[in-house]
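To start, the structure itself, in structure tokens.
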Amino acid sequence: MLEIRIMITSMETLTKQQKSDIRLIGKFVEVYCDGKHATAEKMAFPLPQDLGERRICRDCSDFLAYAVARRLKCPLESEKPSCKHCRIHCYARPQLAKVKEIMAYSGKKLMLRGRLDYIWHYFF
Ligand SMILES: [Zn+2]
């Protein structure tokens with residue numbers, strides 16, 4: 001766990017697309033954690049480069065570390081697919097179920113809050 005984070009934060013250059021996807025998943029996980037794990041103890045999860053940090057619980061940190069690592073290792077970088085429409089779907093089954101739940105839950109919440117900047121990236 002710790003090793004994954006160090007690997008992530010010390011990554012040197014990210015493409016614009018990687019940054020945007022990582023910013024998006026970070027926000028979605030935070031919104032999900034806020035709503036679903038309101039009483040859980042939160043910790044800071046540092047995103048790579050200048051993407052800031054998210055305050056989420058331990059379970060969500062584990063998931064986010066996985067999601068960020070998968071995104072950084074995406075073999076289809078040159079095709080610039082959106083993860084939603086990917087032809088590979090690199091997530092293992094449990095994490096895939098989790099990300100779908102998170103996207104559905106947080107997508108709805110962000111839409112209600114009028115955060116169309118995030119929604120735009122998610123649907124298009
Ligand atoms: Zn959580």
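Quick check on the stretch 10-52: of everything there that is hydroxyl-bearing (S, T, Y) and in a helix (DSSP H, G or I), which residue is modelled with the highest pLDDT?
Result: Y32.
Which residue, of L64, L96, L72, L110, is surrounded by 13 or more Cβ atoms within 10 Å (Cβ to Cβ) and free of Cβ contacts under 8 Å to residues at least 40 places away in the same chain?
It is L64.
Yes/no per residue for (1) among the small types (G, A, S); (2) over 13 Å from the mean Cα position of the chain (by Cα):
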| site | (1), (2) |
| --- | --- |
| F28 | no, no |
| A40 | yes, yes |
| M43 | no, yes |
| Y66 | no, no |
| L76 | no, yes |
| I102 | no, no |
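The values are calculated or read from the model by the stated rules, or taken from the named source; none is laboratory data. As the structure is a computational prediction, the values presented were derived from the model and not from experiment. Using ideal geometry, Cβ is built from the backbone for each residue, glycine included, and neighbour counts are taken over all protein chains shown.
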